[in-house]
Amino acid sequence: MAAQWVLLGLWAACVASPGEASLLNICMDAKHHKAKPGPEGELHGQCTPWKANACCTGNTSTEAHQDQSYLYRFNWNHCGVMPRKCKRHFIQDTCLYECSPNLGPWIVKTDSSWRRERILHVPLCKEDCEEWWEDCKDYVTCKENWHKGWNWATGTNHCPWGTVCRPFKQVFPRAADLCEKIWSDSYKYTTAPRGSGRCIQMWFNPAQGNPNVAVAKYYSWGGRAAADMAKKPVVGASSSLPATLLILLPPALLALI
């Protein structure tokens, strides 16, 4: 068994390390993101948790709090005034998207006029998603997917012709529907709780450190799939380890298999 763990350790060192480094502490290539993360002492309001290391600027953080900012000309109040308790979640969502340097494992290429990369299937903590839904369930909207399909004739988003405004709880019957559908699968609903190290938190106290650093590192190493693989009993090296690794092993280690 000891030899098996040595082999797994060597495999991790040879295969996982380069991937890990490329996915950690990075900013996506998008409209308002900095090229590299770094300290930003002037971050505003709900974006302040990222002051120590951010992908956004102070101006971006201020605009994230506006009802209709220059960032994307998006109008939160397209079906009436969005309640403050609901809006705070959308502001925090914007802050996470614009400011976080911990979304590397979920950054993918995209073909868009305003960004070359986006996030896909970021695992949100259960509380973040369910509190978002609970605080917004009585607000109204005319669309399920807010990424596309709006009427932009006036330069800002309006409900498409023929749509009607309905309560969130009808458009998004479950918390998972809200988190996963509203931004084209940018987020993924999980049952993992805050503090588990297995989900991204939109809300955190910077005085206690950024919990998303450890989450990004976990998923950059292959996440749960890698953890499950490591737990499986190794019956034989030939069935459990890559052939390329076996070629590189010295005879002394091969003799232990």
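Checked against the criteria, Pro105 does not count as crowded, with 22+ Cβ neighbours inside 10 Å, part of a loop (DSSP other than H, G, I, E, B) and modelled with pLDDT of 95 or more.
Taking the stated definitions as given, is Val108 touching an Asp or Glu at 6+ places or on another chain (Cβ under 8 Å) and more than 24 Å from Pro193 (Cα to Cα)? Yes.
Here is the figure for the stretch 146-167: residues that are part of a loop (DSSP other than H, G, I, E, B) and touching a Pro at 6+ places or on another chain (Cβ under 7 Å) total 2. Taking the condition surrounded by fewer than 21 Cβ atoms within 10 Å (Cβ to Cβ), basic (Lys, Arg), assigned to a loop (DSSP other than H, G, I, E, B) and free of Cβ contacts under 8 Å to residues at least 40 places away in the same chain, does Lys143 pass? In short, yes.
Looking at the stretch 31-41, can you tell me whether even one residue there is open to solvent by less than 50 Å² (accessible area, probe 1.4 Å), outside any loop (DSSP other than H, G, I, E, B) and modelled with pLDDT of 95 or more? Taking every residue of the stretch 31-41 in turn, at least one turns out to be open to solvent by less than 50 Å² (accessible area, probe 1.4 Å), outside any loop (DSSP other than H, G, I, E, B) and modelled with pLDDT of 95 or more.
How many residues does the stretch 108-139 contain that are assigned to a strand (DSSP E or B), farther than 25 Å from Thr62 by Cα and either in contact with a helix residue (DSSP H, G or I) (Cβ under 7 Å, 6 or more places away or on another chain) or open to solvent by less than 40 Å² (accessible area, probe 1.4 Å) (or both)? Before you say what the answer is, go through the steps one by one.
The first filter runs over the stretch 108-139 and keeps only residues assigned to a strand (DSSP E or B), leaving 108-109, 115, 117-119, 122-124.
Retained after the next criterion (residues that are farther than 25 Å from Thr62 by Cα): 108-109, 123.
After this cut, where a residue has to be either in contact with a helix residue (DSSP H, G or I) (Cβ under 7 Å, 6 or more places away or on another chain) or open to solvent by less than 40 Å² (accessible area, probe 1.4 Å) (or both) as well, the list is 123.
So the count comes out to 1.
Looking at (1) open to solvent by 20 Å² or more (accessible area, probe 1.4 Å); (2) part of a helix (DSSP H, G or I), can you tell me which one Pro193 breaks? The one condition Pro193 does not meet is (2).
The values are calculated or read from the model by the stated rules, or taken from the named source; none is laboratory data. The shown structure was predicted, so the numbers you read here are calculated from the model rather than taken from an experiment. Methodologically, a virtual Cβ is constructed for each residue, glycine included, from the backbone with ideal geometry; neighbour enumeration extends over all protein chains shown. Remember, those area values only see protein heavy atoms, side chains included, never the ligands or the DNA or RNA. Shrake-Rupley method; radii C 1.70, N 1.55, O 1.52, S 1.80 Å.
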